[in-house]
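Inspection log for the structure reproduced underneath, given as structure tokens.
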Amino acid sequence: MATRKLGLKYGEKVEELKGLHPLKRTKAVNVTGETPPQIVALDKKDPQGKPLSVDIKLPADLKSPLVLIIPDPKHPTGVRPYVIEDNTANFKWGSIRVLNATGKVALIKVDTKVAELPSVWSPIDIDPGGTTRNVSVQAAMKDKPANVLYSAVWEHNVDVRELVIVVPSTTGGPGEIDFKVIPENRKIIEAEAAAEAKER
């Protein structure tokens, strides 16, 4: 997805999305206007030469929407936006938000906490609690809980929240899984905000 040329349309304005990366967030964009914003495929056009687009459906109660851009070969744009709440009151610092993209019910154990991940894209939050430390992380499919498909040691940091997407492995064998981890550090955000305020 990072190689695609995509834009965000709101009102009559189209802003190209810079710095797309599978493991990082882009800079926040303040969207205005009454019509739903759209992801615009600047690299794909309709027969009239107009860039193709797809609506971003934003629930009315969202405070800080985070839009994940997912490949979708069935849509003319080749992408599908998926929106989740990103407000820190809902997605706390020090916690892990997990999305399961394997299509099967999975289990994840973080330190001593075990959570079931539904087969559909539905965020599950895990808060290891306590101080900054190393924690063990394991994952398996619910139908074969003894078959550990992922095992690692992560650093739990009270100033970092992590969006984690569990995906089928592209390098391992059938049934193997990978983890895409998108971290966000509160101290880095605060330092960047302070630097921007100084420049004004």
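Just how large is the dipole of the chain about the Cα centre, in debye to the nearest 20, putting +1 at every Lys and Arg Cβ and -1 at every Asp and Glu Cβ?
In total the dipole reaches around 320 debye.
Could you please put Met1, Met141 in sequence from largest to smallest accessible area, using a 1.4 Å probe?
From most exposed to least exposed: Met1, Met141.
Any idea what Rg and Dmax come out to for the chain if you just take the C-alpha atoms, in Å?
When restricted to the Cα atoms of the chain, Rg and Dmax are 18.7, 57 Å.
Given 5 Å bins starting at zero, what is the percent of C-alpha pairs of segment 1-45 in each, up to the one with the largest pair distance?
5, 22, 29, 24, 15, 5, 0
Sorted by accessible area (1.4 Å probe), largest first, how do Lys180, Lys74 line up?
Descending accessible area places them as Lys74, Lys180.
Leaving out same-chain residues fewer than 8 places away, which aspartates and glutamates sit with a Cα under 15 Å from that of Lys9?
Glu34, Asp43, Asp55
Can you compute the modelled spin-label distance between Asp159 and Val14, with each label point 7 Å from Cα toward Cβ, in nm?
According to this spin-label approximation, the distance is 4.1 nm.
In whole Å, how far is the Cα centre of segment 25-41 from that of segment 137-200?
First find each Cα centre; the distance between them is then 25 Å.
Under unit Cβ charges (Lys, Arg +1; Asp, Glu -1), what dipole magnitude, rounded to 20 debye, does segment 96-187 have relative to its Cα centre?
Magnitude of the dipole: close to 40 debye.
Give the aspartates and glutamates reachable from Lys198 as a straight Cα distance under 17 Å; neighbours fewer than 8 places away on the same chain don't count.
Glu190
For a 23 Å ceiling on Cα separation, which of these pairs sit above it: Lys113/Lys180; Lys5/Lys57; Lys57/Lys142?
Checking Cα-Cα distances, Lys57/Lys142 exceed 23 Å.
The values are calculated or read from the model by the stated rules, or taken from the named source; none is laboratory data. Quick caveat, the model's predicted, so the values are computed rather than measured. We place every Cβ from the backbone using ideal geometry, glycine too, and count neighbours over all the protein chains shown. To get the accessible areas, we keep the full protein, side chains included, count just its heavy atoms, and leave off ligands, DNA and RNA. Shrake-Rupley method; radii C 1.70, N 1.55, O 1.52, S 1.80 Å.
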